[in-house]
Amino acid sequence: MVGNAWFELLDGHGATMGSYFVNEVTVIDVKPSASGAGLVDLTVTLRGSWSAPVT
């Protein structure tokens, strides 16, 4: 499925590196994250445009 999404990128310690809004996201795989409950690791393909990080 292709859609739009907000992503929060986290470093290996769970600190937020940035937030991005992307268009035309297709999720390929989803796995529970080892970084904590309520988080997932995504494998995605991106097409279209994206915005700069929100601070």
What does the net charge come to around Thr43 if you take all other residues with beta carbon closer than 10 Å to its beta carbon, with K and R at +1 and D and E at -1? -1
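With a ≥ b ≥ c the root eigenvalues of the C-alpha gyration tensor of the range 8-48, is it rounded (a/c under 1.5), prolate (a/b larger than b/c) or oblate?
Numbers: a/c = 2.96, a/b = 1.41, b/c = 2.10.
Taking the square roots of the gyration eigenvalues as a ≥ b ≥ c, the range 8-48 is oblate.
Values quoted throughout were computed directly from the atomic coordinates according to the rules given, and no laboratory measurement underlies them. Predicted model only: the values in this text are computed from it and were never measured. Note that we place each Cβ from the backbone using ideal geometry, even for glycine, and neighbour counts take in every protein chain shown.
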